[in-house]
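Notes to accompany the following structure.
The values are calculated or read from the model by the stated rules, or taken from the named source; none is laboratory data. In this text, all values refer to a predicted model and were calculated from it rather than measured experimentally. Methodologically, a virtual Cβ is constructed for each residue, glycine included, from the backbone with ideal geometry; neighbour enumeration extends over all protein chains shown. Accessible surface areas use protein heavy atoms only, side chains included; no ligands, DNA or RNA. Shrake-Rupley method; radii C 1.70, N 1.55, O 1.52, S 1.80 Å.
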Amino acid sequence: MIDDTIAAIATAPGEAGIGIVRLSGPMAVEILDQVFVPSRGKSIKDFPNRRLTHGYIVHPQTQDKVDEALVVYMKGPHTYTAEDVAEIDCHGGIVPVRKILSLVLSMGARMAEPGEFTKRAFLNGRIDLAQAEAVMDVISAKTEKGFDIALGQLEGSLSKEVGKIRNNILEMIAHITVNIDFPDEDIEEITYQGLEKQAKEIVDTVAALLSTAHTGKIIREGLKTVIIGKPNVGKSSLMNALLKESRAIVTEVPGTTRDVIEEYVSIQGIPLKIVDTAGIRETEDIVEKIGVERSKEFFNKADLVIFVLNAAESLTEEDQQIIQLVNERDAIILLNKTDLPMVVDEAGLQEMLPGKKVIRISVTEEIGLKELEDTIVQMVYGGQVKHKDLSLVTNVRHQNALERAKKSMEDAVGAIQSNMPLDFVEVDVRNCWEYLGEITGDTVGEDIIDRIFANFCLGK
Ligand SMILES: Nc1nc2c(c(=O)[nH]1)N(C=O)[C@@H](CNc1ccc(C(=O)N[C@@H](CCC(=O)O)C(=O)O)cc1)CN2
Ligand SMILES: Nc1nc2c(ncn2[C@@H]2O[C@H](COP(=O)(O)OP(=O)(O)OP(=O)(O)O)[C@@H](O)[C@H]2O)c(=O)[nH]1
Ligand SMILES: [Mg+2]
């Protein structure tokens, strides 16, 4: 049992309507009682569980009023942490919340570590590790889609799937154990066939989950997108059109954008971290030269490249050079300025960029932008069915565990097929079971748990 009581500011720092100081642990209600004077009655303990109550936070020694507040206590185990919890809603702003926090710390609470409330919810068994991790994803979600997926995971969608697979593995282990304990030639034959089928099914299920990881990671972290092209082709104009605001400076002068500009934009629920770059060209201008170098750096780091060309010009040497770079990347080719007479050899361009999507657009005339957005969405989902979203794998730790689990079960299939003794097979099957358990936290070391919660924000 955890025997100390923790406290932290649960709301974001700064001026706000209200601020919340939260306590959890065996002394939570006692400490609240000592610092709170209700406006009616004598003690918070005279009020029912979970009843929001008006009164004053008062320093118990000096009787000084610290702030007017609404407070509530919630008796465990049916609380966020599954322990006794007390919450003080005071005026927002850094002074009242800090004064109240230091008051409750002086009454015997300990300053909570980052994520410690949620860690307790996990250690006390109210939620599993994947659900605890989802709490952070809920908070940091950048689009509604990311939020929906995180909320699904918080409610246990991924945990349920992993749980189902682990139950099937347990069945396999039971079959193996029976055969090891009571070997019999005839049964053994049936066992090998049955095991192979079961193992293959598990490999397939894990592979299906893994196949969502690419999309999941993008939805959680955003798609790093870079807009590149020669000077003056309309890169900044495109950036502004995607953002639906005039963020980047647009002029008819080539070399207008001197440095990279980064912004977030949501395209049909997919967060794009979009970077407008300085046009790539040979230049003697020192500022522009650095800009071009930075453009190349961002190009190298991007998940998606949007290569913009001027359709009203024929391809130049500079375009040719960029084409070489773009060919090896996930890229969309935009022929901009199609409101002007088309000069560029589109068929020739497509030949130089086999398999790449080429879209005709005009940023100023707002032509082709919808097709660009649809293409991006299509690339992110990679043909995946949308209703599967709720069990997308969004977390690299989960992805890594799934990869090891898949490898172990593949090893088991190999061992079965080459008629290895059953205790060999069992080792691989058990490994698979353990790796999957890392996701829900059933089979994970304390160090990993500590590392996960250390990345949480204070007060969560
Ligand atoms: N004031 C306040 N608002 C908040 C939170 C909080 O801790 N305090 N939350 C913090 O993130 C979120 C809500 N999450 C919560 C999750 C579970 C329980 C809870 O008490 N669960 C119990 C009993 C539920 C019931 O009434 O049946 C349980 O699961 O046993 C509370 C909050 C968002 N809003
Ligand atoms: N006719 C036409 N002009 C466009 C279109 N899109 C952009 N332009 C014009 O092209 C010029 C250059 O646009 P920018 O967006 O600054 O081009 P850029 O690629 O960011 O240029 P640098 O920052 O210099 O590399 C501006 O005068 C724009 O108004 C288009 O679709 N049609
Ligand atoms: Mg520009």
task: Go through the stretch 139-159 residue by residue and tally those that are assigned to a helix (DSSP H, G or I) and touching a residue at least 12 places away in the same chain (Cβ under 8 Å).
output: 14
- prompt: If you check Ile449 against the conditions, is it open to solvent by less than 70 Å² (accessible area, probe 1.4 Å) and under 25 Å from Ile149 (Cα atoms)?
  reply: yes
statement: When restricted to Thr215, Thr225, the only residue within 16 Å of ligand 2 (Cβ to nearest atom), open to solvent by less than 10 Å² (accessible area, probe 1.4 Å) and under 33 Å from the mean Cα position of the chain (by Cα) is Thr225
Extreme residue, nearest to Asp374 (Cα to Cα), among residues of the stretch 249-275 that are free of Cβ contacts under 8 Å to residues at least 60 places away in the same chain, open to solvent by less than 60 Å² (accessible area, probe 1.4 Å) and part of a strand (DSSP E or B): Val265
- request: Among what's in the stretch 65-103 and is of a type in the set (Ser, Thr, Tyr) and part of a loop (DSSP other than H, G, I, E, B), pick the residue that is surrounded by the fewest Cβ atoms within 10 Å (Cβ to Cβ).
  value: Tyr80
query: Quick one: would you say Lys145 is away from ligand 3 (no atom under 16 Å from the Cβ), of a type in the set (Lys, Arg) and touching a helix residue (DSSP H, G or I) at 6+ places or on another chain (Cβ under 8 Å)?
result: yes
- prompt: Does Pro77 satisfy being in contact (Cβ under 8 Å) with a residue 24 or more places away in the chain and either within 20 Å of Pro13 (Cα to Cα) or within 15 Å of the chain's Cα centre (by Cα) (or both)?
  reply: no
message: If Gly146 satisfies all but one of (1) more than 15 Å from the chain's Cα centre (by Cα); (2) modelled with pLDDT under 95, what's the number of the condition it fails?
response: (1)
message: Let me spell it out: the conditions are (1) among the β-branched types (Val, Ile, Thr); (2) crowded, with 16+ Cβ neighbours inside 10 Å; (3) modelled with pLDDT of 95 or more, and Ile367 meets all of them except one. Which number is the exception?
response: (2)
The stretch 309-352: number of residues that are under 20 Å from Val380 (Cβ atoms) and touching a residue at least 24 places away in the same chain (Cβ under 8 Å): 7
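For every residue, the table says whether it meets (1) in contact with a strand residue (DSSP E or B) (Cβ under 7 Å, 6 or more places away or on another chain); (2) over 30 Å from Asp181 (Cβ atoms); (3) not charged (D, E, K, R).
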{"site": "Val396", "(1), (2), (3)": "no, yes, yes"}
{"site": "Arg430", "(1), (2), (3)": "no, no, no"}
{"site": "Glu438", "(1), (2), (3)": "no, no, no"}
{"site": "Arg451", "(1), (2), (3)": "no, yes, no"}
message: Looking at the stretch 443-455, can you tell me whether even one residue there is touching a residue at least 12 places away in the same chain (Cβ under 8 Å) and of a type in the set (D, E, K, R)?
response: no
message: Kindly evaluate Ala208 against the criterion of being more than 16 Å from ligand 2 (Cβ to nearest atom), crowded, with 17+ Cβ neighbours inside 10 Å and assigned to a helix (DSSP H, G or I).
response: no
query: Out of the stretch 35-65, which residues are among the small types (Gly, Ala, Ser) and at pLDDT below 95?
result: Gly41
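For every residue, the table says whether it meets (1) over 21 Å from the mean Cα position of the chain (by Cα); (2) within 22 Å of Lys407 (Cβ to Cβ); (3) modelled with pLDDT of 90 or more; (4) not assigned by TED's automatic domain parsing to the domain that holds Glu318.
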{"position": "Lys160", "(1), (2), (3), (4)": "no, no, yes, yes"}
{"position": "Asp184", "(1), (2), (3), (4)": "yes, no, no, yes"}
{"position": "Tyr192", "(1), (2), (3), (4)": "yes, yes, no, yes"}
{"position": "Leu195", "(1), (2), (3), (4)": "yes, yes, yes, yes"}
{"position": "Ala199", "(1), (2), (3), (4)": "yes, yes, yes, yes"}
{"position": "Asp204", "(1), (2), (3), (4)": "yes, yes, yes, yes"}
- request: Please specify each residue of the stretch 104-120 satisfying the condition of being touching a strand residue (DSSP E or B) at 6+ places or on another chain (Cβ under 9 Å) and in a helix (DSSP H, G or I).
  value: Val104, Leu105, Glu116, Phe117, Arg120
query: So which residues in the stretch 110-125 are within 16 Å of ligand 1 (Cβ to nearest atom) and either over 30 Å from the mean Cα position of the chain (by Cα) or among the aliphatic types (A, V, I, L, M) (or both), if there are any at all?
result: Ala112, Ala121, Leu123
message: All but one of (1) in contact with a helix residue (DSSP H, G or I) (Cβ under 7 Å, 6 or more places away or on another chain); (2) farther than 30 Å from Gln131 by Cα; (3) not in a strand (DSSP E or B) hold for Arg40; state the number of the condition that does not hold.
response: (1)
message: When you check Lys296 against the structure, is it in contact with a Lys or Arg (Cβ under 8 Å, 6 or more places away or on another chain), closer than 30 Å to Gly216 by Cα and open to solvent by 70 Å² or more (accessible area, probe 1.4 Å), yes or no?
response: no
message: So in the stretch 244-263, with the set limited to residues that are more than 9 Å from ligand 3 (Cβ to nearest atom) and under 18 Å from Val305 (Cβ atoms), which one is nearest to the chain's Cα centre (by Cα)?
response: Glu263
field: Single residue of the stretch 220-243 satisfying the filter (more than 15 Å from ligand 3 (Cβ to nearest atom) and either assigned to a loop (DSSP other than H, G, I, E, B) or among the basic types (Lys, Arg) (or both)) that is modelled with the highest pLDDT
entry: Lys224
